[in-house]
Each structure stands twice: as structure tokens, then as C-alpha cells.
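First the structure, in the form of C-alpha cells, and then the observations on it.
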Amino acid sequence: MKKIIVVITLLIAFTSCKKEYITCEISTSEGDIIMELYEDKAPKTVANFLRYVDVNYYENSSFFRVCTPENESDRAIKIQVIQGGKTRERDVFEPVEIETTQQTGIQHLNGVVSMARDKPNSATQSFFICINDQPELDYNGKRNPDGQGFAAFGKVTEGMNVALKIQAQKNKNQFLNKPIVIHSIKRIQ
């Protein structure tokens, strides 16, 4: 009887220690992608992304750009990502301050979600999902000349097969011939 009580106590303790993350579903014309957001590690970046989610900004937007081994062949620093969040001429919120991977500890590994940007502190609504590990997108990475990398803030937990399907679509100079519709991005937890 004591062993059963100990086992039950350990199970309760173990399950209560499990970290709860904000979870979102990206509903696309190719299927759904579920991702968890790391608000504890990247609070500004998560808040930025959620302000777009909460006003339905991504409704009928698209995944519009893919980086593949083929279309990156001429670049010195190659990456593999799918980029989304493109909308028709909608206003965007003020850019968010970059939270580097050095600050957050979230590395650009397979399935990690990150904000797209031009220069530091310029990210607004556009985001990308890493296909395979992409260390050159981290702080001190060489993909962006400023060395700040990109602000990773979440990870795909289901639907990487959908991300791979999107990456495999026909493109010209990285832009999809037929962008993949993002029907919506919604909080599901």
C-alpha cells in the first residue's frame, strides 16, 4: 500500500511540474501546424506575435517564401525555412525589440519559430519556421551581417510534415509560385 501511495504521489508531482505553454494552431490550405510559445524565455517576442494573433491579423495571410538547398545554392550561408505572415497592405504594429538567442537560450533548431526582420528591432508580423537546425540564424550567426541573429520564440509540436510540404512547393527566387493560404492562427490553450 505504501508503494502505491509513493507511486501516485510521484506521478502527481511529475505531472504538476510539466511546463504549460501558450499553444497556437496555424490553419493552412495544406493542413494544420501546432506550435508552443515560450513566453517565459522570449516575453516581448511572444507578446508581439500574440497581438497579431488576437486581432486575427493572420486570417487569409500566407506562407509566401521558402528557403531550400536548391534556391540557396549560390549563398555562402545557406538556410532552410518557410516564411509566413504576409498580408495585403494591412497596418502593422510598431516593431518589437529583438530578443536574441543569447538572451533567450532558444536556438534555431528544427521546428523552431522565429520572427523575420531586416535590421535589429525591426520585426513586426512576419515569422518563419526552421527546417532542420539553422545555427547561422542564432546570435553571432553569419546569415545576418549584424550578428544579432533572429528572435526565436516557439516551436512546432505537431505538423512539421505540413511545413515540409510547404517548403517543397514550386518557387521562383524563394517566393512561392502559389502562396499557401494561412486561414487563421488561433490560440488553442
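Brief remarks on what is shown
- Within the stretch 134-189, being more than 16 Å from Gly31 (Cα to Cα), polar (S, T, N, Q) and modelled with pLDDT of 95 or more holds for Gln134, Asn140, Gln148, Asn171, Asn173, Gln174, Asn177.
- Here the condition is being farther than 22 Å from Pro145 by Cβ, out of contact with any helix residue (DSSP H, G or I) (no Cβ under 9 Å at 6 or more places or on another chain) and not aromatic (Phe, Trp, Tyr); of Val113, Val46, it holds for Val46 alone.
- Residues considered: Ile106, Ile77. Of these, the only one that is touching a residue at least 24 places away in the same chain (Cβ under 8 Å) and either crowded, with 18+ Cβ neighbours inside 10 Å or of a type in the set (Phe, Trp, Tyr) (or both) is Ile106.
- Condition met for Asp32 (touching a residue at least 24 places away in the same chain (Cβ under 8 Å) and surrounded by fewer than 19 Cβ atoms within 10 Å (Cβ to Cβ)): yes
- Residues in the stretch 160-170 that are aliphatic (A, V, I, L, M) and surrounded by fewer than 19 Cβ atoms within 10 Å (Cβ to Cβ): Met160, Leu164, Ala168.
- The residue of the stretch 143-159 that is surrounded by the fewest Cβ atoms within 10 Å (Cβ to Cβ), among those that are in a loop (DSSP other than H, G, I, E, B) and touching a strand residue (DSSP E or B) at 6+ places or on another chain (Cβ under 9 Å), is Gly159.
- Summed over the stretch 33-86, residues that are of a type outside the set (Phe, Trp, Tyr), outside any loop (DSSP other than H, G, I, E, B) and under 21 Å from Ala168 (Cα atoms) total 14.
- Condition met for Asp91 (out of contact with any helix residue (DSSP H, G or I) (no Cβ under 8 Å at 6 or more places or on another chain), in contact (Cβ under 8 Å) with a residue 24 or more places away in the chain, part of a loop (DSSP other than H, G, I, E, B) and not polar (S, T, N, Q)): no
- Of all the criteria given as (1) touching a helix residue (DSSP H, G or I) at 6+ places or on another chain (Cβ under 9 Å); (2) farther than 20 Å from Cys24 by Cα; (3) hydroxyl-bearing (Ser, Thr, Tyr), the one not satisfied by Thr100 is (1).
- Within the stretch 99-124, being under 10 Å from the mean Cα position of the chain (by Cα) and assigned to a strand (DSSP E or B) holds for Val112, Val113, Ser114, Met115.
- Just one of the numbered conditions (1) within 27 Å of Glu70 (Cα to Cα); (2) surrounded by 13 or more Cβ atoms within 10 Å (Cβ to Cβ) is not true of Val96: (1).
- Residues being without any contact (Cβ under 8 Å) to a residue 60 or more places away in the chain, touching an Asp or Glu at 6+ places or on another chain (Cβ under 9 Å) and among the polar types (S, T, N, Q) - total across the stretch 143-167: 1
The values are calculated or read from the model by the stated rules, or taken from the named source; none is laboratory data. Bear in mind that the values here come from a model prediction, so they are computed numbers and not experimental data. All Cβ positions, glycine included, derive from the backbone under ideal geometry; neighbour counts span all protein chains shown.
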